[in-house]
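Report on the structure given below.
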Amino acid sequence: MLGALPVVADFSRRLRLREIVDASCPMREVSTVEVTHGQVIEALVANRLTSPAPLLHVRDWATAWAVPEVFGVPADALNDDRVGRALDALADHLDHLVGSVGAAAIDAFGLDVTRMHWDMTSISLHGTYAEAEEGLPLPRFGHPKDRRPDLKQIQTGIAVSGDGGVPVFHQAFDGGAGEVSQVIPAMQALQALAGPARLLMIGDSKLISYPNLAAMDRAGVTFIAPASKQYVPAEVLAAQQLSDTVEVDYVAARDAGKGPDQRGRWHVRDDVMTLPGPRKRDPVLTLRRVFVHSSARAQAAATARAKKLDRARDDLDRLTRGLGSRHYPDQAAVTARVQAIARDRRVGAYLRIHISTDEHGKPTLTWTFDQTAIDADAAGDGWYALLSNLDPTEADAAEILRRYKGQEAVERRYQAFKGPLAVAPLFVKNNRRIAAMITVICLALLIFCLVERAVRRAIAPAEKLDGLYAGRPAKPTSRLIFEALQHLRIIPGHGNNPHVIPQPPPLPAQLLNLLNVDPLQPT
């Protein structure tokens, strides 16, 4: 199997991945038969991108794939003990490695990192990790995104560039770390990558806190993030009027193939709000507040409300029919069931009830949904607020929305992080190797995204590539590109006979040409 190994090797070389790892983690002695830590990590990154395997089976993967021919690493050198030692060595130098490779990516591929999108996610872990090593991310129970509260987790933050959605920075955190408190260190790291250029940091609502915004203001960093109800209450959103807004010329990616009448529509209105600090001497921050109305979000909220009301109505009708039965013999049992329905169906704000007992001792129930409360809640459908310190001369309200919409790039990268790169759930021997393995996966994600960006730039101004998806034209994505390359083969050379690659099909050959990769070029 050759697959995408030549592409991975070429991009690794341009990132100087092996060189940076070996400089950060030098080996005391390297015999003529042993491979360096840089070679092992490079091979692990290639494994993540071609056929992710548990560490125990990396040697089997290297045997089946052309790892010796492409990377010059013997398959037997990738046994689980050697891989583990490379991860142990890497764990002591993660910050330096991440910064160096990120800087190399910016330089080698000309990435514009003046706009960065930041977000965090959780990675569930199998194992107890009772004796985790201090100074490295600690597995802890928390609020996992995959809804596995029975498992400990590590959290990971990723920053992707507005230019191509490339993850040039990442960091692992304790499983119980608060997302709000990680913003300032992330901002400082991103400033270092951006250099003298002014940084725009975009995130989710966890970006918003007085300490975070004050720190960004002092550092000269601009930001965009949605405000939680703590900062812009629901009643403020519900008071907004669509007639006071202007429509934004924006089409969501999911609506690209739809007609104008089927697409979501966005409207915005700009105003100003102030945010005082927790202490009297703290300066009051003046922020731009952009009210946004999304027709798609409004429709989704209305549909969700209608469904939960219908389900609650069915539950209450069923309860009414069962009054006086062995399940609901008295007021206490009926009250408990009504409370459960209100909680589980999330209709407590609308439900009005009266529970009593008739002359025969049978419990009675009358209920209704308060239409006034429903209408008040519906008034806020589709509305949310974005906070920013961008000057209006730099970006009007519509432009702030457009820039914020790039935040979905982080979500797409997390899908790859936990999907084709196979990260969750994770089982590694200790938290030292967990931290190193997360970096390996993030390095793989970096190459994954750089390849996508390179193909898209190579076919511009066209947006689709013929035959990429089931023989039909499609917009190049990392997943489709690597799937198209996966069937490439190589016939290993023997003696003076060179390696031979059978003539690849037209699509893989075109991709190699677009990426300017020679599959027979040694690394």
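The values are calculated or read from the model by the stated rules, or taken from the named source; none is laboratory data. Since this is a predicted model, take the numbers as computed values, not measurements. When we count neighbours, we look across all protein chains shown, and the Cβ atoms used for this are built from the backbone with ideal geometry, even at glycine. Note: areas computed on protein heavy atoms with side chains; ligands, DNA, RNA excluded. Shrake-Rupley method; radii C 1.70, N 1.55, O 1.52, S 1.80 Å.
On the given criteria, is PHE71 under 27 Å from the mean Cα position of the chain (by Cα), aromatic (Phe, Trp, Tyr) and open to solvent by less than 10 Å² (accessible area, probe 1.4 Å)? Walk me through it before giving the result.
Numbers: under 27 Å from the mean Cα position of the chain (by Cα): no; aromatic (Phe, Trp, Tyr): yes; open to solvent by less than 10 Å² (accessible area, probe 1.4 Å): yes.
Criteria not met by PHE71.
Would you check which residues across region 297-333 are open to solvent by 60 Å² or more (accessible area, probe 1.4 Å), within 30 Å of ARG254 (Cβ to Cβ) and charged (D, E, K, R) and list them?
ARG297, LYS307, ASP310, ARG311
Out of the residues in region 226-254 that are closer than 21 Å to ILE202 by Cα and β-branched (Val, Ile, Thr), which is nearest to the chain's Cα centre (by Cα)?
Checking each candidate, the answer is VAL251.
Please state which one of GLY257, GLY277 is more than 22 Å from the chain's Cα centre (by Cα) and open to solvent by less than 60 Å² (accessible area, probe 1.4 Å).
Values: GLY257 fails: open to solvent by less than 60 Å² (accessible area, probe 1.4 Å).
Only one candidate qualifies: GLY277.
Which is surrounded by fewer than 19 Cβ atoms within 10 Å (Cβ to Cβ) and in contact with a strand residue (DSSP E or B) (Cβ under 9 Å, 6 or more places away or on another chain), of VAL236, VAL168? Please lay out each step first, then the result.
Working: VAL168 fails: surrounded by fewer than 19 Cβ atoms within 10 Å (Cβ to Cβ).
None of the others qualify; the one that does is VAL236.
Looking for something more than 23 Å from ARG402 (Cα to Cα), open to solvent by 80 Å² or more (accessible area, probe 1.4 Å) and within 38 Å of the chain's Cα centre (by Cα) - is there at least one such residue anywhere in region 260-273?
Here is the first cut: in region 260-273, the residues more than 23 Å from ARG402 (Cα to Cα) are none.
Among the residues of region 260-273, not one is more than 23 Å from ARG402 (Cα to Cα), open to solvent by 80 Å² or more (accessible area, probe 1.4 Å) and within 38 Å of the chain's Cα centre (by Cα), which makes the answer no.
Would you confirm whether or not region 368-380 contains a residue that is at pLDDT below 95, outside any helix (DSSP H, G or I), of a type in the set (S, T, N, Q) and farther than 30 Å from ARG48 by Cα?
Within region 368-380 (the criterion being at pLDDT below 95, outside any helix (DSSP H, G or I), of a type in the set (S, T, N, Q) and farther than 30 Å from ARG48 by Cα), the answer is no, since none of the residues qualifies.
Scan region 463-492 residue by residue and report those that are closer than 17 Å to ALA253 by Cβ and open to solvent by less than 80 Å² (accessible area, probe 1.4 Å). Working first, answer last.
So in region 463-492, the residues closer than 17 Å to ALA253 by Cβ come out as 463-465, 468-469, 473-480.
Scanning region 463-492 gives LEU465, LEU468, PRO473, ALA474, PRO476, THR477, SER478, LEU480.
Can you tell which of ALA23, ALA9, ALA103 is open to solvent by less than 20 Å² (accessible area, probe 1.4 Å), within 25 Å of LEU450 (Cα to Cα) and of a type in the set (A, V, I, L, M, F, W, C)?
Within the list ALA23, ALA9, ALA103, the selection yields ALA9.
Given ARG263, ARG279, which one is among the basic types (Lys, Arg) and within 27 Å of ALA395 (Cβ to Cβ)?
Details: ARG279 fails: within 27 Å of ALA395 (Cβ to Cβ).
After ruling out the rest, the residue left standing is ARG263.
For ALA64, indicate whether it is over 27 Å from the mean Cα position of the chain (by Cα), in contact (Cβ under 8 Å) with a residue 24 or more places away in the chain, over 30 Å from MET187 (Cα atoms) and surrounded by fewer than 16 Cβ atoms within 10 Å (Cβ to Cβ).
Details: over 27 Å from the mean Cα position of the chain (by Cα): yes; in contact (Cβ under 8 Å) with a residue 24 or more places away in the chain: yes; over 30 Å from MET187 (Cα atoms): yes; surrounded by fewer than 16 Cβ atoms within 10 Å (Cβ to Cβ): yes.
Against the criterion (over 27 Å from the mean Cα position of the chain (by Cα), in contact (Cβ under 8 Å) with a residue 24 or more places away in the chain, over 30 Å from MET187 (Cα atoms) and surrounded by fewer than 16 Cβ atoms within 10 Å (Cβ to Cβ)), ALA64 qualifies.
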